[in-house]
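Participant: This is the structure I have questions about; it appears just below.
The values are calculated or read from the model by the stated rules, or taken from the named source; none is laboratory data. Fair warning: this is a prediction, and the values are worked out from it, not measured in the lab. Methodologically, a virtual Cβ is constructed for each residue, glycine included, from the backbone with ideal geometry; neighbour enumeration extends over all protein chains shown.
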Amino acid sequence: MSTEQRIIEEGKKLIEVYGFRKFKMDELAQNLRISKKTIYLHFKNKDELISSICDSIIAADLEEMKTIIDQKEDYVEKLRAVFFLYNIRMLRKKYLNELKRFFPEDWEKFRAFSENRRDYVRQIYREGVEKGVFIAKCPTMPSTPSPIDEKQTVELLIFILTSVINQAFETEMTDYEFDVNTMLIYSFEMLIKMFIVE
């Protein structure tokens, strides 16, 4: 592991304990048995390190999601993998709120990351429809102003998925006893029933 990667990984551990603002570069250097000067050779300041840590969390999450999607045969399981946030679970609710308040550019990376899952949903859903797992078209609802056609069915799923993930990030989760992933798992299990062929 490179020195830069070691710094990032140790930084993640300190963030888990102290949050984004309270962890100290002195402690980071001490834990790694390197000088602060060495840290600053790789990251010009703490904010840049935090930004790199956020990038690392997102990259690891995406990689894990892709691995699970590739390994699973079941299309419901593949979609479940898109719903779950693997490495973001290290971020406690209060730290997500801290990130949102004090590091808005890095917060936006997480929001963009949730929206970038759309292409995976489209691909998995399309293949699942071909295999007879997912419905090709939403049933007609008599009271709606316009029906949802076949192309729009997966877009409805994506809209709901994106809304749920965004709401998880946007909501002050300190108001709730459950964490982000618990909410996402329950949401998925309730939501997916509407899109599975009976």
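Participant: Of all residues in the range 177-198, which are exposed (fewer than 12 other Cβ atoms within 10 Å of the Cβ) and touching a residue at least 12 places away in the same chain (Cβ under 8 Å)?
Facilitator: Listed by number, the list holds a single entry, Val197.
Participant: When you look at Ser56, is it under 22 Å from Arg111 (Cα atoms) and at pLDDT 95 or above, yes or no? Lay out the reasoning, then the answer.
Facilitator: On the way: under 22 Å from Arg111 (Cα atoms): yes; at pLDDT 95 or above: no.
The answer is no for Ser56.
Participant: Search the range 128-154 for residues that are of a type in the set (Lys, Arg) and pair each with any residue that is in a loop (DSSP other than H, G, I, E, B) when their beta-carbon atoms are under 9 Å apart and the residues are at least 6 apart or on different chains.
Facilitator: These pairs meet every condition: Lys137/Pro147; Lys137/Ile148; Lys137/Asp149.
Participant: What's the number of the only condition in (1) free of Cβ contacts under 8 Å to residues at least 12 places away in the same chain; (2) not assigned by TED's automatic domain parsing to the domain that holds Phe84 that Phe159 fails to meet?
Facilitator: (2)
Participant: When only residues in the range 108-156 that are among the small types (Gly, Ala, Ser) and more than 19 Å from Asn166 (Cβ to Cβ) count, which is farthest from the chain's Cα centre (by Cα)? Spell out how you get there, then give the answer.
Facilitator: Of the range 108-156, the ones among the small types (Gly, Ala, Ser) are 112, 114, 128, 132, 136, 143, 146.
Now drop any that are not more than 19 Å from Asn166 (Cβ to Cβ), which leaves 128, 132, 136, 143, 146.
Working: Gly128: 23, Gly132: 28, Ala136: 27, Ser143: 35, Ser146: 32 Å.
Here the residue is Ser143.
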